[in-house]
1. At 37 °C and a viscosity of 0.692 mPa s, what translational diffusion coefficient does Stokes-Einstein give for chain B, taking Rh as the Kirkwood radius over Cα pairs? Give it in µm²/s as a whole number.
2. Determine the principal axes of the Cα atoms in the protein assembly as shown, then give the extent along each, sorted from largest to smallest and rounded to whole angstroms.
3. Using the basic label-point model (7 angstrom from Cα toward the beta carbon), what is the B:SER141 to B:THR30 distance in nanometres?
4. Taking R0 as 35 Å, what's the FRET efficiency between B:SER132 and B:ALA40 from their Cβ-Cβ distance, rounded to 0.05?
5. Using only the Cα atoms of segment A:4-44, construct the convex hull and provide its projected area averaged over every direction, in square nanometres to one decimal.
6. Mind pulling up the Rg/Rh value for segment B:4-44? Radius of gyration and Kirkwood radius, both on Cα.
7. Could you go through segment B:23-39 in sequence order and give the Karplus-derived ³J(HN,Hα) for each residue, using 6.51 cos²θ - 1.76 cosθ + 1.60 with θ = phi - 60°, rounded to whole Hz, and x for Gly and Pro?
8. Any idea how far the Cα center of segment A:74-115 sits from the one of segment B:1-42, in Å?
Amino acid sequence: MLSILDKQLLKKLSLEPKLTTSALATSLSTSQPVIWRRIKRLESLGVIKGKRLLLNQELLGFGVKVFLGIKLATKGTISLDDFERVASAIPEVQSIEHVLGLYDYRLRVVARDIADFERILRRRIMTLPGVGQVEANVLLSEEVLTGPI
Amino acid sequence: MLDDLDNSILRYLQNDPESSIAKLAEKAATTSPVVSRRLAKLQQTGCILGHELILDWSALGFEVQVSLRVTLDKTEPSAFDEFLKAARKIKEVLEIQTFLGMVDVRLSVVARDMKHYQQVYKDSILVLPHISDIEALMHISTIKMDRRLPI
């Protein structure tokens with residue numbers, strides 16, 4: 001179970017992941033070793049899985065982010081593993097989620113521009129094993145919230 | 001403009017966000033002062049925005065994750081703003097994305113279990129303003145989650 005201190009710690013860290021243990025200790029009125037132990041514990045429980053570098057994708061030349069909803073054409077006869085393995089190997093595919101509902105998979109794709117996206121879609125996505133209907137939605141904005149901590 | 005050295009520093013840093021400057025310098029075959037200067041510049045120009053904590057919501061007891069695809073009533077000019085403003089206040093919402101395409105907004109929602117999800121859906125989501133259609137995708141598993149850019 002997580003204590004109130006754990007939750008406060010998680011909230012502070014999700015807003016500012018680079019906060020030092022001493023800054024965290026001061027703002028949560030406890031000591032640095034306590035904070036350090038709590039973080040280690042949250043890591044070993046699998047709650048904190050790590051840190052990710054946040055880059056400005058537009059400035060680095062990746063102006064287009066697209067979410068694809070993919071429905072497999074022939075469920076059952078083709079192996080999901082094949083689809084997942086080939087899709088995972090595409091460098092522009094940043095995430096693949098298996099979902100239940102209107103689509104089977106949800107993919108996040110980055111591209112340099114619309115022409116680049118078209119190339120990825122035609123050469124990489126439409127040729128995936130078992131791929132059926134594909135819906136594309138271009139991402140305009142996104143915000144990440146701290147959630148129910 | 002970024003040169004090859006900037007790109008390789010970013011590449012190594014993406015792979016290991018906690019890497020020390022000395023280690024980055026070694027990998028990029030240059031010196032620590034050069035890497036420090038480059039990193040400072042990449043931060044100043046806004047190429048590096050910062051860091052993000054990766055949390056596992058299921059380890060926190062939130063077993064249900066749902067992607068809600070919302071179509072808004074666009075006859076109302078303030079529909080987007082009012083919807084987004086209200087959605088930000090729901091504490092079970094993890095992500096809000098807006099789109100050009102078949103859907104207008106996507107909300108990523110977590111809940112402890114199906115009963116909790118139903119409660120969140122009924123009490124918080126369905127009361128959001130200007131919804132014309134809503135569709136749910138239930139998250140089963142994550143096959144790949146890699147926000148690194150192919151630089």
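Any read-out appearing in this document is the output of simple, stated calculations on the displayed coordinates, not a laboratory observation. What you are looking at is a predicted structure, and each value in this text was computed from that prediction instead of being measured. Here Cβ is always computed from backbone atoms with ideal geometry, including for glycine, and neighbour counts include all displayed protein chains.
1. In µm²/s, the coefficient is 177.
2. Sorted from largest, the Cα extents of the protein assembly as shown read 52, 46, 44 Å.
3. So the label points at B:SER141 and B:THR30 sit 4.2 nm apart.
4. It comes out at approximately 0.15.
5. Numbers: hull surface 9.9 nm².
Result: a mean projected hull area of 2.5 nm².
6. Working: Rg = 8.8 Å, Rh = 9.8 Å.
That ratio equals 0.90.
7. Those phi angles translate into 5, 4, 4, 4, 5, 8, 6, 9, 9, 4, x, 5, 4, 4, 4, 4, 4 Hz.
8. So the separation of the two Cα centres works out to 31 Å.
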